[in-house]
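Scroll down for the structure; my scribbles are underneath it.
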Amino acid sequence: MSPSALYFITGSPGAGKTTLLKRVVADYYPAGVEQSLGVTPSLSTTQLVVERVPSAALTSTLTSAIHSLCDAAYDTPTAPLFESLGPGEHLLGFQGTVLVSHLMWVTRWLQPAGARALKTSYVEMVATAPDSQRRGYASALLEKFVSCAGDYDLAALCPATEGLYARLGWRFWQGPLYARKDGRLLATPEERVMILILPRTPLLDLDAPLSVEWRPGEVW
Ligand SMILES: CC(C)(COP(=O)(O)OP(=O)(O)OC[C@H]1O[C@@H](n2cnc3c(N)ncnc32)[C@H](O)[C@@H]1OP(=O)(O)O)[C@@H](O)C(=O)NCCC(=O)NCCS
């Protein structure tokens, strides 16, 4: 198993801010976070342990936990959505040994008209367990995500809620959106996309047309 990083993050209720306390690199063991730490984490209710795991390294136990969490958060079976997204990287937020929050990203190629295609970290399946929401967990994962996206030219997502992302610096793309399919551009006027500027992001005109490669299911 390749090593994975564990990040200890505190989130104080009401503070609206998270603080990275400590980064521990540990071997990743399939059965869960307590084994990867060697001990069961003794964390108070305000602490979240964030673990980054590639899809290929997810155990069946973790996969089930992610699906259960997302099913409950989205109130719909999400396994078909994960299937259509394909593999990516996951950030898992644990409260003690319980998975309480999740996001993942896949690599896509967003292309502003007249510019080169940008290697984009496209965030999907942001979810917090219903009984753990409004404690800053999704915000903590999104903040951690930024430090995981160093190899990308841009980050993007199709938001169901915007305040969460806007507070963290995400901005709506203002120009028209398209999908690239079979050499053609298909307009997707019903969609809205937010982007996050990363250190490698070139100067962007947010009013320009923006396209993404077509995919089955949700194009954006
Ligand atoms: C959207 C979602 C992921 C947010 O997860 P979360 O862990 O509750 O997110 P956060 O706690 O970081 O922030 C959510 C809200 O709680 C507030 N909040 C954060 N910490 C808080 C605290 N300690 N006390 C009170 N409110 C708090 C935030 O300010 C934010 O407020 P806003 O919605 O008015 O902007 C979650 O509601 C969810 O899973 N929804 C269903 C699936 C979904 O729609 N996913 C989004 C796809 S784009």
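The values are calculated or read from the model by the stated rules, or taken from the named source; none is laboratory data. Because the structure is predicted, anything quoted here is derived from the model rather than measured. Note that each Cβ is placed from the backbone with ideal geometry, even for glycine, and that neighbours are counted across all protein chains shown.
Figures for the structure shown
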| read-out | value |
| --- | --- |
| From Pro202, Pro112, Pro216, Pro130, residue being away from the ligand (no atom under 14 Å from the Cβ) and closer than 27 Å to Thr63 by Cβ | Pro216 |
| Total residues in region 140-185, condition outside any loop (DSSP other than H, G, I, E, B), more than 13 Å from Ser121 (Cα to Cα) and near the ligand (Cβ under 9 Å from one of its atoms) | 6 |
| Residue that is within 16 Å of the ligand (Cβ to nearest atom), on the phi > 0 side of the Ramachandran plot and either modelled with pLDDT of 95 or more or among the hydrophobic types (A, V, I, L, M, F, W, C) (or both), where the choices are Gly86, Gly136 | Gly136 |
| Unique residue being free of Cβ contacts under 8 Å to residues at least 12 places away in the same chain and farther than 17 Å from Ser101 by Cβ when the list is Glu162, Glu190 | Glu190 |
| Residue satisfying all of: in region 186-196; surrounded by 15 or more Cβ atoms within 10 Å (Cβ to Cβ) and part of a loop (DSSP other than H, G, I, E, B); nearest to the ligand (Cβ to nearest atom) among these | Val193 |
| One residue from Lys181, Lys144 being over 24 Å from Leu48 (Cα atoms) and of a type outside the set (Val, Ile, Thr) | Lys181 |
| Among (1) over 13 Å from the mean Cα position of the chain (by Cα); (2) more than 16 Å from Val219 (Cα to Cα), the one test that Gln111 misses | (2) |
